[in-house]
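Please treat every number below as a calculation from the coordinates, not as lab data. What you see is a predicted model; the values in this text were computed from it and never measured. Please note: Cβ atoms are built from the backbone with ideal geometry, for glycine as well, and neighbour counts cover all protein chains shown.
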Amino acid sequence: MQRYFVAAEQFGDTEIRLVGEDAHHAVRVMRSRPGDKFIVSDGQSRTALVEVIEAAPTLIIAEIVEMLSADSEPKWAVTIAQSLPKGDKMELVIQKGTEIGAFAFVPFQSERMIVQYDAKKEAKRMDRWGKIAKEAAEQAHRSRIPAIEPLHSWRELMKSIANYDLALFCYEREGHQAHGRGIRAAVGAWFAGRTEDSHPRVLLIVGSEGGFTDREAIEAEAAGAVLVGLGRRILRTETAGIVGLTCLLYESGEMGGA
Ligand code: SAM
């Protein structure tokens, strides 16, 4: 069933209003007519099954039929911090990360970043990324749209580590060394002394195509991050965050099955 995210002010107590591109999509693409039903979420806490009562290409008014539970959201809030990659790789990270269940995304700058950051493109890029996250969240039937934070400097990223319960610094060196910790060991160590139903806010830090310098790894560890390997293969920058997110949500039991 088609799903739309609307701003909180469009989500009333008994009715919702679809406007702009969503109204146009519902009427022109989905051919919505009075009586048709679809799902609407305010992207935070409310999701409802609604029935169209008025349909025009610029405005749809639909009655709330029933409030739905937001059970598609993972219990662990995993944020992917991605060093700005080249081309449209960030769009892939956002799309696949949203489908899998990422809580948020933090693009950041690191020493070996290959792409030249252009501040003038920031607004346009954030707008495009926001659209990708919204569409992916609708397609994945999520109850919220992951936030995309503004581009962080390395310093800002290091400072933000304190805001998370667990920060994992993806470092391929860890994957190769005999003692290299994987995600399971790092998560297990965090849970030691905590109850099973603790739901950590996790930051997963991924380097760009050029990787991290040893100095960055030392600084991240000093800031409280745990260095983790993602296996003995070198993953592309756009693959590593998706793999790390999947491993974490698998560990949390959110990827189906026991
Ligand atoms: N050092 C890499 C190389 O030799 O090509 C360059 C960096 S890799 C393409 C991009 C990022 O993905 C790394 O900075 C790291 O964060 C992550 N990554 C890739 N493979 C990994 C692995 N096996 N274990 C942990 N992190 C990995």
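Beta bridges per DSSP, both residues in the chain: antiparallel share near 45 percent. Here the convex hull built on the C-alpha positions of the range 77-251 has a volume of 111 cubic angstrom per residue.
Could you please report the charge total around residue 198, scoring K, R as +1 and D, E as -1 over all other residues with beta-carbon less than 12 angstrom from its beta-carbon?
0
Peptides 44-50, 12-18 ranked from most to least packed give 44-50, 12-18, packing being the mean of other C-beta atoms within 10 angstrom over each peptide's residues.
Quick check: net charge around residue 117, other residues with Cβ under 12 Å of its Cβ, Lys/Arg +1 and Asp/Glu -1?
Working: positive: 86, 120, 121, 125; negative: 118, 122.
Around residue 117, the surrounding residues sum to +2.
Between residue 143 and 72, 73, the built amide H atoms are under 5 Å apart, and every one of these is 5 or more places off in sequence or on another chain.
What Kirkwood hydrodynamic radius, in Å, does the range 3-68 give when the mean of 1/r is taken over all pairs of distinct Cα atoms and then inverted?
Working: mean 1/r = 0.0890 Å⁻¹.
In the range 3-68 this quantity evaluates to 11.2 Å.
The relative contact order of the chain, computed from alpha carbon pairs under 8 Å that lie at least 6 residues apart in sequence, is 21 percent. Residue 45 to residue 120: FRET efficiency via 1/(1 + (r/R0)^6), r the Cβ-Cβ distance, R0 30 Å, to the nearest 0.05? So the FRET efficiency works out to roughly 0.25.
Let me check I've understood the local charge: for residue 248, count other residues with C-beta under 13 angstrom from its C-beta, Lys and Arg +1, Asp and Glu -1. What total comes out? Could you put the intermediate results ahead of the total?
Working: positive: 75, 184, 201; negative: 165, 251, 254.
Once positives and negatives cancel, what remains is 0.
Measuring between alpha carbons in the structure, the pairs from 75/159; 37/86; 37/121 lying more than 31 angstrom apart are 37/86; 37/121. Inter-label distance, residue 189 to residue 147: 2.8 nm, where each label sits 7 Å from its Cα along the C-beta direction.
Using equal-weight Cα scatterers in the Debye expression, the normalised intensity of the range 1-141 in log10 at q = 0.17 Å⁻¹ is -0.95.
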